[in-house]
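The values are calculated or read from the model by the stated rules, or taken from the named source; none is laboratory data. Nothing here was measured: the structure is a model prediction, and the numbers come from that model. Because the Cβ atoms are built from the backbone with ideal geometry, glycine has one as well, and the counts that use them run over all protein chains shown. Accessible surface areas use protein heavy atoms only, side chains included; no ligands, DNA or RNA. Shrake-Rupley method; radii C 1.70, N 1.55, O 1.52, S 1.80 Å.
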Amino acid sequence: EGSVCKSASGNHSVCIARVAEDYANLSVILADIIKEVDNIDEHGLEVNGMKYTVHFYLGADWKFLAMACGLDAANSKYACIWCTCSKDDRYKVDKEWSITDVEKGARTITSIISASKLPTKSPRRFNCSRTPLFQAIPIHRVIIDNLHLFLRITDNLINLLITELR
């Protein structure tokens, strides 16, 4: 599709569900899609006798992505989907974090699965509460929706402005 895939007309909905947005519902509703993604990731995709390797990306708003990645809410201590940076460390500019380098705190599907099996109060759990739904999609290919991110930042800035004006 070329550059069309970068526009709204090049993106296609694969699921619409009218249920509460929680992990239990998502795991049931998306079961067929998850199975298909796993199958294509493992075996590739064959079209007209040509075999293709497919690299999947997962894009959505923060709430959905956190749930799909097996993480707790965006207001938790380790809210970052891509790394294990604590909210207490966000202001420390001398620390270096990475979304791909595990040595610098990057999350992986394996690390989320392992951490989710730890006791709830474990400091090494990093707010991993469940198994990621799309295990074939690496965490560095998870992309937050720019619109929702922009709206949330704008909402916070407007609240700060109103507070300052009062």
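Could you count how many Lys pairs in the stretch 32-160 have their Cα atoms under 30 Å apart, skipping same-chain pairs fewer than 8 positions apart?
Lysine pairs satisfying the spacing and distance rule in the stretch 32-160 number 28.
Roughly how much of T110 is accessible, in Å² to the nearest 10, using a 1.4 Å probe?
T110 has an accessible surface of roughly 100 Å² with all protein chains in place.
Output the DSSP H helices from the chain with an along-axis C-alpha extent of no less than 15 Å and a mean Kyte-Doolittle hydropathy no less than -1.0.
Numbers: long enough: 31-43 (18 Å, -0.66); 146-165 (28 Å, 0.82).
Counting only whole DSSP H runs, the qualifying helices are 31-43, 146-165.
Within the stretch 124-166, what residues put their amide N at less than 11 Å from the label point 7 Å along the Cα-to-Cβ vector of R90?
153
Quick one: dipole size for the chain, taken about the Cα centre, charges +1 on Lys/Arg Cβ and -1 on Asp/Glu Cβ, in debye to the nearest 20.
Magnitude of the dipole: close to 600 debye.
If you filter the stretch 56-109 for chymotrypsin sites (Phe, Trp or Tyr not before Pro), then keep DSSP loop positions with at most 14 other Cβ within 10 Å, what is left?
Answer by residue number: F56, Y57, Y91.
If you count the DSSP beta bridges with both ends in the chain, what percent of them are antiparallel, to the nearest 5? Can you show the working numbers first?
Numbers: 5 of 8 bridges.
Once the DSSP bridges in the chain are tallied, antiparallel ones form about 60 percent.
Rank I113, H148, L160 by how far each Cα sits towards the positive end of the charge dipole of the stretch 111-166 (+1 on Lys, Arg Cβ; -1 on Asp, Glu Cβ) and give me just the farthest.
About the Cα centre, the residue reaching furthest to the positive side is I113.
Which value in nm describes the separation of the simple spin-label points at N39 and D61, placed 7 Å from the Cα toward the beta carbon?
3.1
Which one, C80, A136, H55, projects farthest toward the positive side of the charge dipole computed for the stretch 37-140 from Cβ point charges (K/R +1, D/E -1)?
In the stretch 37-140, that residue is C80.
Per residue, what volume in Å³ does the Cα convex hull of the stretch 1-95 take up?
Convex hull volume per residue, Cα atoms: 174 Å³.
Where only protein heavy atoms count, and the probe is 1.4 Å, what is the accessible area per residue for the chain in Å²? Display every interim value, and only then the final one.
Values: 11670 Å² over 166 residues.
With all protein chains present, the chain gives 70 Å² per residue.
So who's got an amide H within less than 5 Å of the one on A60, skipping anything under 5 residues away but keeping other chains? H placed 1.01 Å off N, in plane.
I143, D145
How much mean residue ellipticity at 222 nm does the chain get from its helices, if each DSSP H run of length 4 or more adds -39500 (n - 2.57) and you divide by all residues, to the nearest 500 deg cm²/dmol?
Here the helix-only value at 222 nm equals -10000 deg cm²/dmol.
So, with a 1.4 angstrom probe, what is the percent of accessible area on the chain that is carbon and sulfur?
In the chain, the share of accessible area belonging to carbon and sulfur is 56 percent.
Return the whole-Å distance between the Cα centroid of the stretch 94-158 and the Cα centroid of the stretch 25-58.
22
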